[in-house]
Amino acid sequence: MSGCVVKGYYESPICAEKTYSTRLKHCRKMSYMVHRRFLPSNHPYRRQKKAFNGNQEFNTAPRPLSGHEVLERVERINYRMGKFGGKLQLKMGKTKDGVAARLDLMEMNVRSELALRIGDKKTFLPPACYTLSKDEKRSICNSLSGMKVPEGYSSNVKNLVSMKDLKLVDLKSHDYHTLMQQLLPVAIRGVLPKHVRDTITRLCFYFNELYSNVMDVSKLDELQREIVMILCLLEKYFPPLFFDIMIHLTVHLVREVKLCGPVWSRHMYPFERYMKILKGYVRNRNRPEGCIAECYIAEEAVEFCSDYLSNVHTIGIPSRDREVQRTKPLSKAIVHSASHNELQQAHLYVERAIDHSTHQISERLKWISRGPRKKVLKYSGYLIDGVTYATKERDDVRVTQNSGVSLVAKTMQVSSAKDKNPIMTDMVFYGLIEEIWSLDYHNFQIPMFKCHWVENNNGIKVDDLGFTLVNLNRIGFKSESFILGSQAKKVFFVEDPEDPLWSIVLAAPTRESFENANGDELEDIVIHYESSTRGLPSMEVDDEDDNEPQCLREDCDGTWIDN
């Protein structure tokens, strides 16, 4: 990025001199709007005036610089070493394109202020003036403060909400990701008009798709069209002050995915975690660089020498050949005398879950056929393949939620009572862990979850945005309450702000670790947030400008600017 402008009218490094920017007169800040030029040439939004800046837009999107053009610009940079480490001098003349760009900016300054007649008072206002009223802020803060998220998901959300000031405080960068990708669409349910709320929700869905574990290359163009439509809708509903450079740069994120690959493989979290380690080396704050270098060299030397010394273990450096136990209990065991019916129900489920595709009888199958002990071990917490699970009773006294599970199972479905041709399909079941058992088969133990499952007929529904809602009070499948711990998929439930009887299902993040080239050392751990909806819903585009909903709010306080 050497030689690029990082502020002012040309702050976008991709659009460069063709950036549409406006300096707002009263707040003295820059605004970057006019995203209709990224739409197809025949799109109805290009012809609309009233909903946007009062003018039609027929300009084309700026073309990114090619490699040869970037090289030509870099070659004109002269770097001179000086007292302060060097100075960049860029030779740029007053070209015809530069003059045209400045004329376009002057025209944009005129377009950005639309005169609206309200009563007998003439005011200059943006096309849309949206803010949250005090009641809406309180509703969002109440929704966030009541959320319980899984362990390792984010910070305690309740500590991030200030009910006195009605705002969020002390958020880390990771908390902003969780808020934008999953929690914000849930918190704003029930506030703002529907068309504004849906647009913000679609923006959150866009980031969720962008940060997916696996990217479908064929859907990237569709994702690019989606973000352009979202930005155009935001221009209808929000004032120009909302559109800083961070909002504009979202239109270029899909291009970065095409060039650099998935986002999770190049985000900043590994560097931030390692910077915390390096900062811990500092003992003399007057010489931080020397402390970091000295401690780093000392640690490397100790680790190198430990490979050539027998029966010596380093202090503070984990052993490479130590295997991490990913399935283990997290609480003390309680010996429980299970009833015959419950024990038989759990044992029959274990027998049905065994893979009978092979004809060879293994030693494990022989022990299972003999049945478990009558005494079972009960736990309040268990680690299954690196994922933490807990009982509902334990979650009630903690600030985290680890009792939600889902299960995908094969079920027989019929269209009616007279249907004689049932079909086998996959069905998703949602429930809460009531008890965690460990069945003892003498030679090994199998962890199992006893759950309260939500009834599928009247206890589960899907809204128009693709969110799955469950009614945790409707309990079904009481005769089949056990599942294997290895079959469970972790989810968590958030109370719906619109209807407290229903809860929204959100997927818990998955963690993946990678090994180095030798395959003997675990590298960084990557956290993936799965989508909680069934993809982006279709968006309807209205051809008529007059049919657009009114975007001027009169139910909350605001500042009126006289002519």
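Inside region 235-283, residues that are at pLDDT 85 or above and farther than 30 Å from R23 by Cα make up a count of 17.
Take the conditions at pLDDT 80 or above and not in a helix (DSSP H, G or I) and apply them to K332. Does it pass?
Answer is yes for this residue.
For region 330-344, which residues satisfy the criterion of being within 11 Å of W437 (Cβ to Cβ) and under 39 Å from the mean Cα position of the chain (by Cα)? Steps first, answer last, please.
Narrowing region 330-344 to residues within 11 Å of W437 (Cβ to Cβ): 333-334, 336, 338, 342-343.
Matches in region 330-344: A333, I334.
Residue-by-condition table, conditions (1) touching a Cys at 6+ places or on another chain (Cβ under 8 Å); (2) within 20 Å of K137 (Cα to Cα); (3) of a type in the set (A, V, I, L, M):
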position	(1), (2), (3)
P185	yes, yes, no
I200	no, yes, yes
F205	no, no, no
N208	no, no, no
M215	no, no, yes
R225	no, no, no
Y237	yes, yes, no
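Being surrounded by 12 or more Cβ atoms within 10 Å (Cβ to Cβ), within 24 Å of F238 (Cβ to Cβ), at pLDDT 80 or above and out of contact with any helix residue (DSSP H, G or I) (no Cβ under 6 Å at 6 or more places or on another chain): is that true of V70 here? No. Per this entry, C295 is not counted among residues that are within 19 Å of the chain's Cα centre (by Cα) and at negative phi. Residue-level check: of (1) at pLDDT 80 or above; (2) of a type in the set (D, E, K, R); (3) not in a helix (DSSP H, G or I), K366 misses just (3). Looking at the structure I just gave you, is D426 surrounded by 14 or more Cβ atoms within 10 Å (Cβ to Cβ), out of contact with any Phe, Trp or Tyr (no Cβ under 8 Å at 6 or more places or on another chain) and not small (G, A, S)? In short, no. Of the helices (runs of 4 or more DSSP H) lying entirely inside region 211-301, those containing at least 1 residues that are acidic (D, E) span 220-237, 253-260, 269-280.
The values are calculated or read from the model by the stated rules, or taken from the named source; none is laboratory data. Because the structure is predicted, anything quoted here is derived from the model rather than measured. Every residue, glycine as well, gets a Cβ built from its backbone with ideal geometry; the counts of neighbours run over all protein chains shown.
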